Structures are given as C-alpha cells and as structure tokens.
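Engineer: The structure's right below; bear with me while I get my questions together.
The values are calculated or read from the model by the stated rules, or taken from the named source; none is laboratory data. The structure displayed is predicted, hence computed values, not measured ones. Quick reminder, even Gly has a Cβ in these numbers, built from the backbone with ideal geometry, and neighbours come from all protein chains shown. Remember, those area values only see protein heavy atoms, side chains included, never the ligands or the DNA or RNA. Shrake-Rupley method; radii C 1.70, N 1.55, O 1.52, S 1.80 Å.
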Amino acid sequence: MKNNILKSAFAFVLALTVVSFTSISDKTVNVKDSQITWKGYKVTGQHEGTISLKEGTLTFKDNKLTGGNFVMDMTSLTVTDLEGGMKGKLEGHLKSDDFFGVEKHPTASFKITKVEGKDGKYKVTGALTIKGNTNTNTFDMTVDKNSATAALKIDRSKYDVRYGSTSFFENLQDKAIYDEFDLNVNLKF
C-alpha cells in the first residue's frame with residue numbers, strides 16, 4: 001500500500017513538472033493590422049481585392065504553432081482593381097447568391113486541425129467553411145515573431161460558388177471564370 005502511494009505521488013509530481021515546463025498560449029490576431037487579399041482569374045483577365053478578418057487566434061505550445069481559428073467578414077469583400085460603377089457592380093455581384101451569398105452567409109471560417117513543421121515553417125491543414133460548405137485545405141505558413149503569412153489556393157466549386165464555372169456550365173467560352181482563386185494572408189498578433 002505504501003509503495004502504491006509513493007508511485008502515485010511520484011507520477012503526480014512528474015506530471016506537474018511536465019505541465020510546468022510546457023507553455024500553451026493563444027495569441028489573438030490584431031484584425032486591424034492583418035490583411036487578407038484575394039485574386040480571381042477568368043479567361044480574359046483577373047480581379048483582386050480584400051476581405052477583412054473579423055477575429056482570429058493562433059495557438060502555440062512551447063513557441064511552436066499547434067492550432068488556430070479564424071472568422072472572415074464576407075460582407076467586407078471589396079474589389080481593389082476597379083473604380084466607380086464597375087467596382088460597385090462587381091462587389092455587388094460577388095456578394096450575391098451567384099458567388100458568396102453574404103446575406104445568408106456573412107462569415108467564412110477556418111479552423112486549423114493539423115500542423116507539421118518547426119522553426120516557423122509549417123504545413124497547416126484545416127477546415128475552411130464558405131457558404132456553409134466545409135472542406136479541408138493544406139498550405140504553407142511562415143510564422144516570424146508577431147506575424148504569420150500564408151498563400152492559399154481555393155477551389156470555389158467545392159463551396160457551391162458556381163457562377164461562370166466550367167465545372168458546372170458548358171460553352172462559356174470567354175465568359176469562363178476559373179474555379180481556383182488565391183487568398184494571401186498576412187496576420188499580425
């Protein structure tokens with residue numbers, strides 16, 4: 001009995017020691033200083049713009065990235081390569097049900113589910129939700145002091161964003177819009 005008590009006490013002290021030297025922290029992303037840019041491609045050119053981050057956190061264990069959660073404000077979607085009426089028209093179309101349906105789906109989210117790597121260079125896998133559809137995405141992320149950067153390729157057809165997609169419509173010719181678009185993320189925390 002005395003031997004069991006000593007073993008239990010030793011196990012408790014060992015566990016407490018390990019926990020004491022393991023540092024887990026959530027770092028809140030500064031949404032004002034962070035930036036998400038997008039670029040979409042069509043047969044006859046491309047368009048680009050921004051999306052604001054509503055909230056976000058990165059989780060670190062002993063200064064190594066282990067997780068995170070982000071919410072993007074889809075109502076903030078803007079076009080930066082056009083001006084005037086054309087800018088407003090494209091922004092309205094991108095926010096409509098033809099594309100991101102922001103009235104019904106005002107946010108998109110990303111939850112990190114797996115992280116591999118070290119020394120600030122990571123391969124991140126997570127669940128991206130757009131228009132209520134969730135799919136897995138994997139990309140490279142670099143973390144340096146109080147910032148993180150990533151470049152993602154997103155296949156919009158997986159999120160029921162069908163307008164002008166050759167995956168769903170034939171004979172679009174020069175009206176075709178490619179399914180993949182880019183998201184470039186620059187986080188500050």
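Engineer: Carbon and sulfur: what percent of segment 100-163's accessible surface (1.4 Å probe)? Walk me through the numbers on the way to the answer.
Structural biologist: Working: 1550 of 3490 Å².
Reported share for carbon and sulfur atoms: 44 percent.
Engineer: While we're here: Quote the FRET efficiency, to the nearest 0.05, computed for Asn30 versus Ala151 with a Förster distance R0 of 22 Å and r equal to the Cβ-Cβ distance.
Structural biologist: Numbers: r = 20 Å, r/R0 = 0.91.
Once the sixth-power term is evaluated, E becomes 0.65.
Engineer: To continue, here is another question. Report the label-to-label distance for Asp182 and Ser23 in nanometres (one decimal), using points 7 Å from each Cα along the Cα→Cβ vector.
Structural biologist: Simple spin-label model gives 3.6 nm for this pair.
Engineer: What accessible area per residue, rounded to a whole number of Å², is obtained for segment 41-153 using a probe radius of 1.4 Å? Show your work: numbers first, answer last.
Structural biologist: On the way: 6080 Å² over 113 residues.
That works out to 54 Å² for each residue.
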